[in-house]
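Student: Pasting in a structure now, in structure tokens, and then I'll have a few things to ask.
The values are calculated or read from the model by the stated rules, or taken from the named source; none is laboratory data. If you're wondering where the values come from, they're calculated on a predicted model, not measured in any experiment. When we count neighbours, we look across all protein chains shown, and the Cβ atoms used for this are built from the backbone with ideal geometry, even at glycine. The protein model used for the area step is the full one, side chains on, heavy atoms only, and it has no ligands, DNA or RNA in it. Shrake-Rupley method; radii C 1.70, N 1.55, O 1.52, S 1.80 Å.
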Amino acid sequence: MPLRNIKTGESLRSAIEAVLQSDFKLIAKSKEFDFDWEVEKENELYKIFLVNAEDEILGIMSLIDIPEEYRIHLNLIEIGKSNRGKGKVIDLIAGSLLAFGCRLSFARGYFGFLSLHPKTKLIELYQNKYGFRQYGRLLAVEEEASKALIQKYLPNE
Amino acid sequence: MNNSEKIYKKLSKTYTDEEIVESFFFNETLSEEEQKAVNEEFRKLRLARLKQMTPQQILLGNLMQMKILMQDYFKTSKYDPAFSFANQLKHYIKLIGINSKTFSADIGIHPTKLSRIIHEKESPNIELMYRLEKHSDGEFPAFYWWRLHARKLEYLIKTDLEKKLQESSKVSNPLNLSA
């Protein structure tokens with residue numbers, strides 16, 4: 001899945017894999033992440049990295065599988081400090097993780113359904129940027145919108 | 001101030017809302033009771049949505065699942081009979097919900113030929129793979145079908161030792177490249 005170097009426009013090959021026990025040391029040592037990822041251990045955790053720099057985790061995602069409701073709940077995504085805000089070097093990291101969650105949801109037979117319960121103030125922004133729609137107090141992507149995210153962020157899958 | 005509000009306040013000191021949305025997804029923090037109510041409300045909405053899904057939406061989801069599992073299979077190096085060309089074609093026909101006769105007419109091949117391919121009595125050709133790509137509106141490219149077929153061929157070539165010996169016995173004057 002290609003990420004993009006913002007300065008050069010270069011496409012960067014990346015991979016998303018499950019977080020291993022040994023990764024928690026890397027996460028702590030890098031000082032790139034503010035959230036306490038040890039707390040998320042009971043959930044499904046995935047990391048994204050460049051294929052030529054496996055030890056440098058760019059972003060982490062925590063998912064909760066809810067099979068009885070045919071959905072995956074997006075509990076947390078955090079992108080490393082170096083790639084946030086105005087100073088970021090690599091783009092499309094969060095979108096790639098999000099699309100990976102949608103892909104997992106399709107693979108598990110949940111029709112691409114991925115839910116999120118963001119702060120009210122941010123709801124409209126998540127809707128505009130990623131195509132989430134409102135379900136009560138939660139947001140979700142599913143079906144065509146979920147497929148569109150996969151096509152946009154994981155085009156080579 | 002709840003936990004998500006604290007996180008948001010902290011992030012807001014450095015980033016705009018747009019920048020937060022580009023780098024973070026975090027959940028609203030609620031009391032246990034509030035969370036329970038939200039979960040229950042959502043569960044009802046989700047189950048109602050599942051009941052309302054049209055056959056077309058269910059088909060899209062099922063075909064996406066088939067495609068993604070196929071892609072994941074391509075990333076492995078093993079041969080899995082569940083992912084043979086014949087079994088995946090059978091699965092595809094089942095998902096689209098039409099009988100073999102109608103399907104064979106739709107892709108322009110004789111029903112007997114389709115049956116022979118599905119029962120692995122005959123190998124598929126490239127023409128059929130192009131037709132499957134067209135039939136699936138491009139969702140299953142011809143090369144996906146080829147990969148399924150090629151994976152099985154590779155497995156057979158590696159494991160059919162009897163055939164290997166049989167054919168080896170027909171070769172005269174083989175090269176001897178060992179030192």
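Student: Condition (residue is open to solvent by 10 Å² or more (accessible area, probe 1.4 Å), more than 9 Å from every other protein chain (Cβ to nearest Cβ), over 15 Å from the mean Cα position of the chain (by Cα) and not aliphatic (A, V, I, L, M)) applied to region A:145-154: is it met by at least one residue?
Tutor: no
Student: Still on this structure, I have one more. Just a yes or no: is a residue in region A:33-44 in a loop (DSSP other than H, G, I, E, B), within 8 Å of chain B (Cβ to nearest Cβ) and modelled with pLDDT of 95 or more?
Tutor: No, region A:33-44 has no match at all.
Student: Continuing with this model, one more query. I need the helices (runs of 4 or more DSSP H) fully contained in region B:1-90, keeping only those with at least 3 residues that are open to solvent by 60 Å² or more (accessible area, probe 1.4 Å). Steps first, please.
Tutor: Working: elements: B:3-12, B:17-23, B:32-52, B:55-75.
Hits in region B:1-90: B:3-12, B:32-52, B:55-75.
Student: Sticking with this structure for a sec: Give me a count of the residues in region A:74-103 that are at the interface with another protein chain (Cβ under 9 Å from one of its Cβ atoms) and farther than 27 Å from B:T14 by Cα.
Tutor: Here the count works out to 1.
Student: Would you please name the residue that is surrounded by the fewest Cβ atoms within 10 Å (Cβ to Cβ), looking only at residues in region A:104-129 that are more than 8 Å from every other protein chain (Cβ to nearest Cβ) and assigned to a helix (DSSP H, G or I)?
Tutor: A:N128
Student: I would also like to ask the following. All but one of (1) open to solvent by 40 Å² or more (accessible area, probe 1.4 Å); (2) within 14 Å of another protein chain (Cβ to nearest Cβ) hold for B:I98, so report the exception by its number.
Tutor: (2)
Student: Could you tell me how many of the residues in region B:119-133 are open to solvent by less than 60 Å² (accessible area, probe 1.4 Å) and not in a loop (DSSP other than H, G, I, E, B)?
Tutor: Looking only at that region, the number is 3.
Student: Would you pick out the residues in region A:33-52 that are hydrophobic (A, V, I, L, M, F, W, C) and either without any contact (Cβ under 8 Å) to a residue 40 or more places away in the chain or out of contact with any Gly (no Cβ under 8 Å at 6 or more places or on another chain) (or both)? Give the derivation first.
Tutor: Here is the first cut: in region A:33-52, the ones hydrophobic (A, V, I, L, M, F, W, C) are A:33, A:35, A:37, A:39, A:45, A:48-51.
Passing the criteria: A:F35, A:W37, A:V39, A:L45, A:F49, A:L50, A:V51.
Student: Out of (1) open to solvent by less than 10 Å² (accessible area, probe 1.4 Å); (2) of a type outside the set (S, T, N, Q); (3) in a helix (DSSP H, G or I), what's the single condition that is false for A:L74?
Tutor: (3)
Student: Collect the residues in region A:118-135 that are of a type in the set (K, R) and within 18 Å of A:K147 (Cβ to Cβ), keeping them in residue-number order. Don't jump to the end; show me each part of the working.
Tutor: Step one: filter region A:118-135 for residues of a type in the set (K, R), giving A:119, A:121, A:129, A:133.
A:K129, A:R133, listed by residue number.
Student: Also, I was wondering about something else. Which one of these does A:L92 not meet: (1) open to solvent by 60 Å² or more (accessible area, probe 1.4 Å); (2) touching a helix residue (DSSP H, G or I) at 6+ places or on another chain (Cβ under 7 Å)?
Tutor: So A:L92 meets the others, but not (1).
Student: If you check B:R116 against the conditions, is it open to solvent by 90 Å² or more (accessible area, probe 1.4 Å), touching a residue at least 12 places away in the same chain (Cβ under 8 Å) and either of a type outside the set (F, W, Y) or in the same structural domain as B:K67 (by TED's automatic domain parsing) (or both)? Lay out the reasoning, then the answer.
Tutor: Values: open to solvent by 90 Å² or more (accessible area, probe 1.4 Å): yes; touching a residue at least 12 places away in the same chain (Cβ under 8 Å): no; either of a type outside the set (F, W, Y) or in the same structural domain as B:K67 (by TED's automatic domain parsing) (or both): yes.
Taking the combined requirement at face value, the residue does not satisfy it.
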